[in-house]
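The values are calculated or read from the model by the stated rules, or taken from the named source; none is laboratory data. Just so it is clear, the model here is predicted, and its values are computed rather than measured. Please note: Cβ atoms are built from the backbone with ideal geometry, for glycine as well, and neighbour counts cover all protein chains shown. Accessible surface is based on the protein model in full, side chains and every heavy atom, while ligands, DNA and RNA are left aside. Shrake-Rupley method; radii C 1.70, N 1.55, O 1.52, S 1.80 Å.
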Amino acid sequence: MKIVKRCKALSQCLLFITLIISPSMLWADGSFIISDIRIEGLERLPDGTLLNYLPVQVGDPLDAEQVVFSIKELYKTGFFADVQLLRDENVLVVRVKERPSIAAVDFSGNSDIDSETLEKELENIGIAQGQIYNRSLLEKLTQELERVYFSQGKYGIRITTEVKQLDQNRVEIEIEISEGRIALIRQINIIGNEVFDDDTLLGEIQLGIPGTFTFFSDSDEYSKPKLNADIETLRSYYLDRGYIKFSADSNHVSITPDKKDIYVTINVVEGEQYSISNVELVGPMVVDREILKGLITTKNGDIFSRKKMTQTQKRLEERMGKIGYAFAKVKVAPAIDDESLEINLTYQLIPGNKTQVRYINFHGNFRTYEKVLRREMRLMEGSVLASDKLQRSKIRLQRLSYLENVQIETKLVPGTDDVVDLEINVEERLSGSFNVGAGFSQTQGLLFNIGLTQENLFGTGQRLSVNVNTDQANTVYSTAFTDPYHTIDGISRTISLNFRKRDAAEELISNFQTNSFGINVNYGIPLSEYSTLRLGYGYSHVNLKLSSINATLDAIEFVEKYGNVYDNYLINAGFTHDTRNRTVFATRGSSQSVTLNLSVPGSDLEFYKLSYITKFYMGLSDNLTLLLRTNLAYGEGYGSLDELPFYERYFAGGLRTVRGYETNSLGPRQTFNDGTPDPRGRPIGGNMRVTGGMDLIFPIPFVEKAPSSVRFSAFLDVGNVFDANRPTFNSDKNGFDSSQLRSAAGLSFVWLAPIGPLRFSWSKPLNNVEGDDLRIFQFSIGSFF
């Protein structure tokens, strides 16, 4: 006999529960004691998972009510499309049909938002690979994707989904997206502003309508995050000018029926302007009160500024942190008087206890000896945790070329509130490289280089390099070994050897050749965290050969007077002050260096060369950096030598000095036999070089996160070469002539590629004269600088 019962499931479908009961086993009330449970229909889920959700077990009595309840509980799991409970004598048979699992979620047509981002959004609503598929989720899928695109201003989004059945009870969800274009802002209205006009406020926010000459701007592309950020910008603008009651809680965004144009209305309430009546400093004075007062930027009688208040708060905390109060806090208690429109600011110091460092532990240095990293630390075990020394320690570690990343974590020692361990996690990069490369330069022709460099020799932090570089004008063999800690005090030593074969004619200058050999030993003596004194000595041997054709008159006279083979003994000294945040592609800080190279008395040629180089990086915003730079150089002979040797002269023009002009083309030129300048003569260089300029460094257009090996900039170059004994080209007086400084402006692109730096520039000379050798586009691929 069959007894059929109907019950209403959670999914509002009718379920058929069939109890197959043998007549001899049928109880009067239809119930029985479960002697065993048999499961049928499972494909992916293990039996144990189903039994965990089944509310009955072997030995329990089972009646009609228990059957209905058990089915409901199994449906609640979401795992099953169908559930049946059947009886085989005293065995409970659970027959199920599993819902299919999602094998894959594939996107097509999406370009503005990548698939990985969309996948993460769908995971939040339970749609992901391996999850159980439920057809009701498709509507949620569409709504979630629309929400993501709407937040980016893509109101014309269209989404089509298709579910494909696969083997093994799996499905693949294909999502086709037609993104449409971003809805553009046609008008922004600010209502309620009286103190500041619309133009002033609209100039502060990110959203807006681009001007006629504003290229590549996306300010008219609406998105909700941009609008929220702009409202916060307006709030900060007012709070920094004393309007502490400002609010902009109401805004309205309307879109045209075609979903292409957007109109934004922002309602503001400005309130009254408040000034500062009094500033108090209370709490334990762990630093001299007068010193702390000097850090306060909010003064009595000033208009209130939230920016200055938080800046003061941070400066006070940092100052206490420098003497070991690493967890010092400053609470600001503003007392507002609405009648007088004044604020009384009280800065309450909560220094806590001085914090001590117990252990300094390094992690991740698999190749580098720990002592190599520990010597860069400005904190020691047992010392006070000074915040500025901790930050400086991190910067020093980050500047090591063989470390990719540095993270420092301060962990309180259990049971204490003023003792910490420093856990320093470093990520090493490959420190050795073997390079074979080739390239081409407009002036140097075909370039070839082969080199072996080890920045972290055997994990000691020492540097060894062996290089061979060749081009049309030069063949250079060089090797150098640097020990950054030649002494325990941090004095570095570099020993270098080099051989150079040079053909000046290929550099578009005087027609001569040199074979030179040199050895140098240099020491770097740290004077402070940012300043280094450099001292060294060396020897050079130069064999000079003049061309029998077109040799310049001054070169011929020089060889006749001093010969063509020179042994010179050199000393050099220099001072460097470097606060840059990086050694390559810096964005903040400055670098200044003064260098003297001198051939000592008794050398075949007695001369000196001075140089002064500066670079100042100023951050204009998070993405814009202004670089101001100068490069001044001067050389002269002394003793029996009345001028700088002609093969040591300076040249200018080209990618490294003044772009827009041919390499080495600026400065004095060859003369006719009577001494008058030859307008078509080759450049012969001078004993003074003056160059400088500025660069506006900006991110790569249309790229959200640019690689760190690429840099774009707009530049202005200025400079020329002068000589004390002859006029520069187009001048009639010897020595420096400010009217002859050439200039050019343009765009530059540099990529530190594996084959070597790739440099490209487009420039327009600004004050060139007839006879100048111009180069609007210049490039160098694979040459090292």
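For the stretch 688-712: of the residues being polar (S, T, N, Q) and at pLDDT below 95, which is farthest from Phe607 (Cα to Cα)? Let's see the steps before the verdict.
Residues of the stretch 688-712 that are polar (S, T, N, Q), as a first pass: 691, 708-709.
With at pLDDT below 95 added as a condition, the list becomes 708-709.
Details: Ser708: 42, Ser709: 39 Å.
Looking at residues that are polar (S, T, N, Q) and at pLDDT below 95, I get Ser708.
Those residues that are part of a strand (DSSP E or B), charged (D, E, K, R) and closer than 26 Å to Val559 by Cβ, I need them from the stretch 607-660; list them, please.
Lys609, Glu636
How do the pairs read when you match residues in the stretch 266-283 that are within 15 Å of Val195 (Cβ to Cβ) with residues anywhere that are of a type in the set (Ser, Thr, Tyr) and not in a strand (DSSP E or B), using Cβ under 7 Å and keeping only pairs 6 or more apart or on different chains?
Glu270/Tyr238; Glu270/Tyr243; Gly271/Tyr243; Gln273/Tyr243
Please determine whether any residue of the stretch 572-595 is among the polar types (S, T, N, Q) and over 43 Å from the mean Cα position of the chain (by Cα).
Filtering the stretch 572-595 down to residues among the polar types (S, T, N, Q) leaves 572, 576, 579, 581, 583, 587, 590-593, 595.
From what is left, the residues that are over 43 Å from the mean Cα position of the chain (by Cα) are none.
Scanning the stretch 572-595, I find no residue that is among the polar types (S, T, N, Q) and over 43 Å from the mean Cα position of the chain (by Cα), so the answer is no.
Just checking: which of the strands (runs of 3 or more DSSP E) contained wholly in the stretch 145-198 hold 3 or more residues that are open to solvent by 20 Å² or more (accessible area, probe 1.4 Å) and either touching a residue at least 60 places away in the same chain (Cβ under 8 Å) or closer than 13 Å to Ser223 by Cα (or both)?
Working: elements: 158-166, 170-178, 184-191.
Once the strands (runs of 3 or more DSSP E) in the stretch 145-198 are filtered for at least 3 residues that are open to solvent by 20 Å² or more (accessible area, probe 1.4 Å) and either touching a residue at least 60 places away in the same chain (Cβ under 8 Å) or closer than 13 Å to Ser223 by Cα (or both), what remains is 170-178, 184-191.
Taking into account only those residues within the stretch 352-367 that are in a loop (DSSP other than H, G, I, E, B) and open to solvent by 10 Å² or more (accessible area, probe 1.4 Å), which is farthest from Gly490 (Cα to Cα)? Talk me through it step by step, then tell me what you get.
Initially, the stretch 352-367 is screened for residues in a loop (DSSP other than H, G, I, E, B), giving 352-355, 364-367.
Of the ones still in play, those that are also open to solvent by 10 Å² or more (accessible area, probe 1.4 Å) are 352-354, 364-367.
Working: Gly352: 35, Asn353: 33, Lys354: 29, Gly364: 24, Asn365: 21, Phe366: 23, Arg367: 21 Å.
Looking at residues that are in a loop (DSSP other than H, G, I, E, B) and open to solvent by 10 Å² or more (accessible area, probe 1.4 Å), I get Gly352.
Name the residue that is surrounded by the most Cβ atoms within 10 Å (Cβ to Cβ), counting only residues in the stretch 308-329 that are in contact (Cβ under 8 Å) with a residue 24 or more places away in the chain and of a type in the set (Val, Ile, Thr).
Initially, the stretch 308-329 is screened for residues in contact (Cβ under 8 Å) with a residue 24 or more places away in the chain, giving 308-309, 312-313, 316, 318-328.
Going one step further and asking which of them are of a type in the set (Val, Ile, Thr), we end up with 312, 323.
Details: Thr312: 22, Ile323: 16.
Out of the qualifying residues, it is Thr312.
Considering the stretch 730-746 alone, what residues qualify as being of a type in the set (Gly, Ala, Ser) and within 30 Å of Phe760 (Cα to Cα)?
Applying the first criterion (of a type in the set (Gly, Ala, Ser)) to the stretch 730-746 yields 731, 735, 738-739, 743-746.
Correct list: Ser738, Ser739, Ser743, Ala744, Ala745, Gly746.
Lys394 - would you say it is part of a helix (DSSP H, G or I) and in contact (Cβ under 8 Å) with a residue 12 or more places away in the chain?
Numbers: part of a helix (DSSP H, G or I): yes; in contact (Cβ under 8 Å) with a residue 12 or more places away in the chain: yes.
So Lys394 passes the test.
For the stretch 544-552, state whether one or more residues are within 17 Å of Glu606 (Cβ to Cβ) and surrounded by 15 or more Cβ atoms within 10 Å (Cβ to Cβ).
Taking every residue of the stretch 544-552 in turn, at least one turns out to be within 17 Å of Glu606 (Cβ to Cβ) and surrounded by 15 or more Cβ atoms within 10 Å (Cβ to Cβ).
Can Ile127 be described as assigned to a strand (DSSP E or B) and within 36 Å of the chain's Cα centre (by Cα)?
no
Give me the residue from the stretch 554-605 that is charged (D, E, K, R) and at pLDDT 90 or above and, out of that set, surrounded by the fewest Cβ atoms within 10 Å (Cβ to Cβ).
Step one: list which residues in the stretch 554-605 are charged (D, E, K, R), which gives 554, 557, 560-561, 567, 578, 580, 582, 588, 604.
Okay, now just the ones that are also at pLDDT 90 or above, so 567, 578, 604.
Working: Asp567: 13, Asp578: 17, Asp604: 17.
Within the stretch 554-605, the match that is surrounded by the fewest Cβ atoms within 10 Å (Cβ to Cβ) is Asp567.
Quick check, is Ile291 in contact with a Lys or Arg (Cβ under 8 Å, 6 or more places away or on another chain) and open to solvent by 30 Å² or more (accessible area, probe 1.4 Å)? Full working, then the answer.
On the way: in contact with a Lys or Arg (Cβ under 8 Å, 6 or more places away or on another chain): yes; open to solvent by 30 Å² or more (accessible area, probe 1.4 Å): yes.
Judged against the criteria, Ile291 is a match.
Identify, from the list Ser108, Ser101, the residue that is touching a residue at least 60 places away in the same chain (Cβ under 8 Å), out of contact with any helix residue (DSSP H, G or I) (no Cβ under 7 Å at 6 or more places or on another chain), buried (at least 17 other Cβ atoms within 10 Å of the Cβ) and polar (S, T, N, Q). Even if it seems obvious, please write down each step before you answer.
Values: Ser108 fails: buried (at least 17 other Cβ atoms within 10 Å of the Cβ).
From the options Ser108, Ser101, the qualifying one is Ser101.
Any idea how many residues of the stretch 336-366 are in contact with a Ser or Thr (Cβ under 7 Å, 6 or more places away or on another chain) and closer than 30 Å to Gln462 by Cβ?
So the count comes out to 1.
Only one residue in Gly589, Gly524, Gly574 is closer than 30 Å to Asp503 by Cα and in contact (Cβ under 8 Å) with a residue 12 or more places away in the chain. Which one? Give the steps one after another, and end with the answer.
Numbers: Gly589 fails: closer than 30 Å to Asp503 by Cα; Gly524 fails: closer than 30 Å to Asp503 by Cα.
One residue alone meets the criteria, Gly574.
Tell me the residue from Phe715, Phe729, Phe722 that is aromatic (Phe, Trp, Tyr) and at pLDDT below 90, please.
Step by step, each of Phe715, Phe729, Phe722 is checked, and only Phe729 is aromatic (Phe, Trp, Tyr) and at pLDDT below 90.
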